[in-house]
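Asker: Pasting in a structure now, in structure tokens, and then I'll have a few things to ask.
The values are calculated or read from the model by the stated rules, or taken from the named source; none is laboratory data. As the structure is a computational prediction, the values presented were derived from the model and not from experiment. Glycine also receives a Cβ, built like all others from the backbone with ideal geometry; neighbour counts cover every protein chain displayed. These accessible areas exclude ligands, DNA and RNA; they are computed on the full protein's heavy atoms, side chains included. Shrake-Rupley method; radii C 1.70, N 1.55, O 1.52, S 1.80 Å.
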Amino acid sequence: MSIQYVVGDATSPLGPGPKVIVHVCNDAGRWGKGFVLAVSQKWPKAEAAYRTWHKQGGNPPFELGQVQFVEVNDGLWVANLIGQHGIRRRGGQPPVRYDAIARGI
């Protein structure tokens, strides 16, 4: 299996069969910059599910490395993957946590 790069709208995946759009979220419960704006515009349900997950916790727990799958259309899911600690650099370190992303995929 290899990676195929496709230029276009990431909210309109191509090809047959079920699809998952994975995006990295933060563990601070913040939603509102970057790719999530396009996700929210197209599927408000994905944002609402993330906010509820942050507020109420649940299964899986709301923490780094966890993923919440939200079905937004028949055969299409948005995967809210918690792979960012906070939203700002701390001590020169960016908020993205690649180890958490690897656990979530």
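Asker: Consider the stretch 13-37. How many of its residues are open to solvent by 40 Å² or more (accessible area, probe 1.4 Å) and in a helix (DSSP H, G or I)?
Answerer: 2
Asker: With respect to residue 10, is the statement that it is closer than 15 Å to residue 79 by Cα, of a type in the set (Gly, Ala, Ser), in contact with a strand residue (DSSP E or B) (Cβ under 8 Å, 6 or more places away or on another chain) and open to solvent by 40 Å² or more (accessible area, probe 1.4 Å) true?
Answerer: On the way: closer than 15 Å to residue 79 by Cα: yes; of a type in the set (Gly, Ala, Ser): yes; in contact with a strand residue (DSSP E or B) (Cβ under 8 Å, 6 or more places away or on another chain): yes; open to solvent by 40 Å² or more (accessible area, probe 1.4 Å): yes.
In short, yes.
Asker: Right, something else. Run residue 97 past the list (1) surrounded by fewer than 17 Cβ atoms within 10 Å (Cβ to Cβ); (2) under 14 Å from the mean Cα position of the chain (by Cα) and report the number of the one that doesn't hold.
Answerer: All conditions are met except number (1).
Asker: Somewhere in the stretch 45-56, is a residue part of a loop (DSSP other than H, G, I, E, B) and out of contact with any Phe, Trp or Tyr (no Cβ under 7 Å at 6 or more places or on another chain)?
Answerer: Step one: of the stretch 45-56, the residues part of a loop (DSSP other than H, G, I, E, B) are none.
The answer is no; no qualifying residue exists.
Asker: Ok, one more. Just to be sure, is residue 97 charged (D, E, K, R), farther than 24 Å from residue 12 by Cα and in contact with a Leu (Cβ under 6 Å, 6 or more places away or on another chain)?
Answerer: Values: charged (D, E, K, R): yes; farther than 24 Å from residue 12 by Cα: yes; in contact with a Leu (Cβ under 6 Å, 6 or more places away or on another chain): yes.
Against the criterion (charged (D, E, K, R), farther than 24 Å from residue 12 by Cα and in contact with a Leu (Cβ under 6 Å, 6 or more places away or on another chain)), residue 97 qualifies.
Asker: A further question on this structure: Any idea how many residues of the stretch 38-58 are polar (S, T, N, Q), within 16 Å of the chain's Cα centre (by Cα) and loosely packed, with under 12 Cβ neighbours inside 10 Å?
Answerer: Taking the stretch 38-58 and keeping what is polar (S, T, N, Q), we get 40-41, 52, 56.
Among the residues that remain, those that are also within 16 Å of the chain's Cα centre (by Cα) are: 40-41, 52.
Imposing the further condition that a residue be loosely packed, with under 12 Cβ neighbours inside 10 Å reduces the set to 41.
So the count comes out to 1.
Asker: Pairs please, first residue from the stretch 59-75 and without any contact (Cβ under 8 Å) to a residue 24 or more places away in the chain, second anywhere and open to solvent by 30 Å² or more (accessible area, probe 1.4 Å), Cβ atoms under 6 Å, 6+ apart in sequence or on different chains.
Answerer: Listed pairs, sorted by first residue: 60/66; 71/77.
Here's the yes/no breakdown for (1) crowded, with 18+ Cβ neighbours inside 10 Å; (2) part of a loop (DSSP other than H, G, I, E, B); (3) modelled with pLDDT of 95 or more:
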| site | (1), (2), (3) |
| --- | --- |
| 65 | yes, yes, yes |
| 71 | no, no, yes |
| 83 | yes, no, yes |
| 87 | no, yes, no |
